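Here the structure comes first, spelled out in structure tokens, and everything after it is commentary.
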Amino acid sequence: MRCQEIMKRPVVSCKETEVVQAAALKMRDANIGFMPICGADGRVVGILTDRDIALRACAEGLDVRMTPIAEVMTRQIVSCRPGDDVRLVEGLMARNHKSRVLIIDEAGKPAGVVSLSDIARFDRVYAAETMRQVSSREIKTV
């Protein structure tokens with residue numbers, strides 16, 4: 001099965017120059033916790049999660065009405081192409097401890113999102129193992 005067969009679309013996104021509050025409002029209205037962030041050309045330059053907003057903006061006391069998304073977004077992008085096999089997505093999720101993978105088209109623009117729940121609808125056995133790996137975190141020693 002290919003990513004394009006199970007990915008969610010359309011993709012809600014923001015520009016990196018928009019403020020964090022604008023992204024939070026879009027996320028609330030679309031009932032999502034993850035969105036790609038695009039540059040002026042529409043290509044993906046990062047991702048923003050509800051966790052990024054909570055930990056990098058709110059917890060740090062930043063004014064979300066004034067802070068550009070670029071200051072708090074995650075720059076590491078875990079992605080695949082629409083034609084990639086779903087097993088590739090599962091491996092990326094497991095290795096990177098991510099519950100969502102962005103699907104990017106040939107031009108570098110967002111095409112869809114595959115989440116663990118999409119994987120579970122496809123294959124529950126593999127989804128359970130992927131979920132176990134995604135949820136395991138490295139133990140930090142002090």
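Under 5 Å between amide hydrogens, built in the peptide plane, is the criterion, and for Gly112 it picks out Ile103 among residues at least 5 positions away or on other chains. Taking amide H positions as modeled 1.01 Å from N, with prolines and chain starts lacking one, the residues under 5 Å from Val78 and 5 or more places away or on another chain are Leu102. Working note: Karplus 6.51/-1.76/1.60 with θ = phi - 60° gives the stretch 88-93 the couplings 5, 4, 4, x, 5, 4 Hz, where Gly and Pro are set to x. If I fit a long axis through the Cα atoms of helix 124-135 and take the longest principal axis of the Cα atoms of the chain, what angle between them do I get, 0 to 90°, rounded to 10? With both axes taken from Cα atoms, the answer is about 40 degrees.
With θ taken as phi - 60° and the Karplus curve 6.51 cos²θ - 1.76 cosθ + 1.60 applied, the whole-hertz 3J(HN,Hα) list for the stretch 11-28 is 9, 8, 9, 9, 8, 5, 8, 5, 8, 4, 4, 4, 5, 4, 5, 4, 5, 4 Hz, x standing for glycine and proline. Residues in the stretch 61-78 carry Karplus couplings, in order, of x, 6, 7, 5, 7, 10, 7, x, 3, 3, 7, 10, 6, 8, 8, 6, 10, 9 Hz; the curve used is 6.51 cos²θ - 1.76 cosθ + 1.60 with θ = phi - 60°, and Gly or Pro positions show x. For the charge dipole of the chain, defined by +1 on Lys and Arg C-beta atoms and -1 on Asp and Glu C-beta atoms about the Cα centroid, which residue among Pro82, Met93, Leu55 has the Cα displaced farthest towards the positive pole? In the chain, that residue is Met93. Taking amide H positions as modeled 1.01 Å from N, with prolines and chain starts lacking one, the residues under 5 Å from Cys38 and 5 or more places away or on another chain are Cys14, Lys15, Glu16, Val45. Between Leu55 and Thr17, the distance separating the two model label sites (each 7 Å from Cα on the Cα→Cβ line) works out to 2.9 nm. Counting only pairs 8 or more places apart or on different chains, how many lysine pairs in the chain have C-alpha atoms closer than 21 Å? Taking the chain as the scope, the lysine pair count is 8.
FYI, it's all coordinate maths here, none of it is from the lab. Remember, predicted model here, so these are calculated numbers, not experimental data. For neighbour counting, all protein chains shown are included, and Cβ atoms are generated from backbone atoms with ideal geometry for every residue, glycine included.
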